[in-house]
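Structure first, commentary second.
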Amino acid sequence: GSFSAINNNLATVQFYSGAVHPTAAVYYGGTQDNGTLRTLNPSSWDVAISGDGGATAVDFSNPANVYSEYVYLAILKSTSSGAPNSWVKAMTGIPASGSKLSNGTTDRCEFIAPLVMDPTNSQVLVAGTYKIYRTINGAGTWTAISSDLTGDGAGSLGSSGAVISAIAVAKSLSSTIYIGTSGSGSAASRVSVTTNTGSSWTDLTKAPLPNLYVKAIAIDPANRDRAIVTFSGYGAGHVFLTRNRGTSWTNISGDLPDLPVNTVVIDPTNTGHWIVGTDLGVF
């Protein structure tokens, strides 16, 4: 295979996230210190939102609707394809520290908090702090669908303590949601699942899962019981597979280097083909 460079007018940039228009060569990405960027032409990027850019998502039914975030889950929405100055705050129902675009939640959460779109319904998005929030109306309003899933008694406020660090929604049945946590000094990292949109949650954490920061989760698009979880850190496996919705786990790290595995993708056309992104490269 081959890659084509589309970063012609970018300087040194660290991307936290990326999102793609469903039918056109239009890309969005949240970056460290350089804002949420977009390109309407692969050779030219512009700054859609300044500052730190977090997770991004494009409405695959109406791609004029684009979502991004500033730090600490300040969720923003554009209905104009992400044009600069078209973004509005879109986190009603999530405790917020103010109305400014840059004001995030008062909940304990990750600096770049997880925010994902339901793969079968673009009006549904799921976000995480120390609990899970869900919207069914395109971020018009949000509702908590869990209590504290981290096992940390640090309290709800501030940035210290364990947080939800990864979320995945099953394409085959979107009432199934997996989450992973960072862990902290007082709480081990966790992997949990709901099969009823948050009415109840099951802690799936057991050997051989390591007590390391959960970085990413991918669910087989045809089988909600088959999922892969990846971990940061060193000295243990970093990629684990369940075939039975977390009843048991298998270390499938194989010959990967002992490095953080930051992301994982299951090929929808061949679900035995998995791609991971690590601190060293793509495997």
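The values are calculated or read from the model by the stated rules, or taken from the named source; none is laboratory data. It should be emphasised that the depicted structure is a prediction, and the values quoted were computed from it without experimental measurement. So basically every Cβ, Gly included, is an ideal-geometry build from the backbone, and we count neighbours across all protein chains shown. Calculation scope for accessible area: heavy atoms of the full protein, side chains included, ligands and nucleic acids excluded. Shrake-Rupley method; radii C 1.70, N 1.55, O 1.52, S 1.80 Å.
List of remarks:
- Cα-only Debye scattering, region 17-148: base-10 log of I(q)/I(0) at q = 0.09, 0.15, 0.18, 0.22 Å⁻¹: -0.22, -0.62, -0.90, -1.35
- Close amide-amide hydrogen proximity is noted between Thr141 and Ile136, each under 5 Å apart and 5 or more residues distant or on a separate chain (H modeled in the peptide plane; Pro and chain starts excluded).
- Were the residues from Val20 through Leu256 laid out at 0.36 nm apart, the gain over their Cα-Cα distance would be 82.2 nm.
- With viscosity 1.567 mPa s and temperature 4 °C, the Kirkwood radius over alpha carbon pairs of region 138-283 converts through Stokes-Einstein to a diffusion coefficient of 83 µm²/s.
- Each label point was placed 7 Å from the Cα along the Cα-to-Cβ direction; for Ser61 and Leu173 their separation is 2.2 nm.
- 21 Å Cα-Cα reach of Lys100 towards lysines, excluding residues that sit fewer than 8 places from it in its own chain: Lys77, Lys89
- A DSSP coil position with no more than 13 other Cβ atoms inside 10 Å describes the following trypsin sites (Lys or Arg not before Pro) in region 73-129: Lys100.
- Where the Cα pairs of region 1-46 fall when distances are cut into 5 Å bins, in %: 5, 21, 31, 28, 12, 3, 0
- Carbon plus sulfur fraction of accessible area for the chain, probe 1.4 Å, in percent: 50
- Dipole magnitude (debye, nearest 20) for region 73-187, charges at Cβ of Lys, Arg, Asp, Glu: 260
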